[in-house]
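Here the structure is laid out as structure tokens; the discussion comes afterwards.
The values are calculated or read from the model by the stated rules, or taken from the named source; none is laboratory data. Because the structure is predicted, anything quoted here is derived from the model rather than measured. Cβ placement follows ideal geometry from the backbone for every residue including glycine, while neighbour counts extend to all protein chains displayed. Please note that ligands, DNA and RNA were not included when accessible areas were found on the heavy atoms of the full protein model with its side chains. Shrake-Rupley method; radii C 1.70, N 1.55, O 1.52, S 1.80 Å.
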Amino acid sequence: GDLPRPSISAEPGTVIPLGSHVTFVCRGPVGVHTFRLERDTRSLYTETDKLSHVSPSESEARFRIDSLTEGNAGPYRCLYYKSAKWSAGSDYLELR
């Protein structure tokens, strides 16, 4: 069957002063092997296999940007790798 789409959120929020930090939180089902955070296009992404379990049915990964610049603002989304395939992308989250 199809994998459920992940969710994406940002802490402390999506409107961040330049120079401040932001952490993206990607959530998906348990059993995820890798989370990927993509920006704009698929050519800009980062991956992690450092996952935490937030409930018996949910896992998450966190991606921190230490200092927001105009260059790393824009739309972001999450995907994950499980059962030898990539999930569909989450909704885009606009960081500005």
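Listed values [x] 44; [y] 26; [z] 17 include one computed from this model; for percent of Cα pairs over 24 Å apart that value carries the label [z].
Provide the net charge surrounding residue 50, with neighbours chosen by a C-beta distance below 11 Å and charges set as Lys +1, Arg +1, Asp -1, Glu -1. Taking every Cβ under 11 Å from that of residue 50, the sum is -2. Take the solvent-accessible surface of the protein heavy atoms, probe 1.4 Å, and return the percent of it on the range 8-96 that carbon and sulfur atoms account for. Here carbon and sulfur together make up 50 percent of the probe-accessible area.
Using the 1.4 Å probe convention, the accessible area of the range 7-95 works out to 54 Å² per residue with neighbouring protein chains retained.
Basic side chains Lys and Arg get +1 at the Cβ, acidic Asp and Glu get -1 at the Cβ, and with that the dipole of the chain about its Cα centre reaches some 180 debye.
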